[in-house]
Structure formats: C-alpha cells, structure tokens
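These notes concern the structure reproduced below.
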Amino acid sequence: MMKGELKIRVPNPHKVGDITDSLLHEILRQAGLSRAEWNKA
C-alpha cells in the first residue's frame, strides 16, 4: 500500500479482494498513523 512517499507492506497471502477495515486499522496503528493522517497524505 502506498500513499505519497509512505509505503506500507500489506500481507495478503491469498491475493483475494480488498483488505478488511480492521486490518487497515491495525496496520495504521502499528505505523503510528491515524486514519485522518492516511486520508490526508
């Protein structure tokens, strides 16, 4: 997943569909980003 200069590797071993909202939330939490910061970038 990439937004501007920020790149976050999203694990999806099955390559099926979009990531869930809860997974996105966890990835952003671990990256230290709020959803507002992600959407603004």
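Evaluation of VAL10 against the conditions (1) at pLDDT 75 or above; (2) assigned to a loop (DSSP other than H, G, I, E, B); (3) aliphatic (A, V, I, L, M) shows that the sole unmet condition is (1). Across segment 24-41, the qualifying residues are those that are open to solvent by 60 Å² or more (accessible area, probe 1.4 Å) and among the aliphatic types (A, V, I, L, M), and the one among them that is modelled with the lowest pLDDT is ALA41.
The values are calculated or read from the model by the stated rules, or taken from the named source; none is laboratory data. All values derive from a computational prediction rather than experimental measurement. Ligands, DNA and RNA are excluded from the accessible area calculation, which covers all protein heavy atoms including side chains. Shrake-Rupley method; radii C 1.70, N 1.55, O 1.52, S 1.80 Å.
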